[in-house]
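The values are calculated or read from the model by the stated rules, or taken from the named source; none is laboratory data. It should be emphasised that the depicted structure is a prediction, and the values quoted were computed from it without experimental measurement. For neighbour counting, all protein chains shown are included, and Cβ atoms are generated from backbone atoms with ideal geometry for every residue, glycine included.
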Amino acid sequence: MEEQLSKNERIELRVSSADKIIFKRAQKLSRDRSFSSFIVRSVFFGG
């Protein structure tokens with residue numbers, strides 16, 4: 001049985017400034033509305 005997560009749970013990730021620029025550019029190109037949705041889609045669904 002899966003445990004339900006509360007909305008307050010989060011994962012924090014630290015990346016370099018250069019990597020952040022690359023991730024933000026990729027998010028814009030993918031047309032995801034938010035950075036979080038882009039990361040979730042990319043990690044869990046293979047982009």
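I need every pair where a residue in the range 8-34 that is touching a residue at least 24 places away in the same chain (Cβ under 8 Å) has its Cβ under 6 Å from the Cβ of a residue that is outside any helix (DSSP H, G or I) and exposed (fewer than 10 other Cβ atoms within 10 Å of the Cβ), sequence separation at least 6 or different chains.
No pair meets every condition.
Starting from residues that are among the polar types (S, T, N, Q) and assigned to a loop (DSSP other than H, G, I, E, B), keep the ones in the range 1-22 and report whichever is modelled with the highest pLDDT.
It comes out as Ser16.
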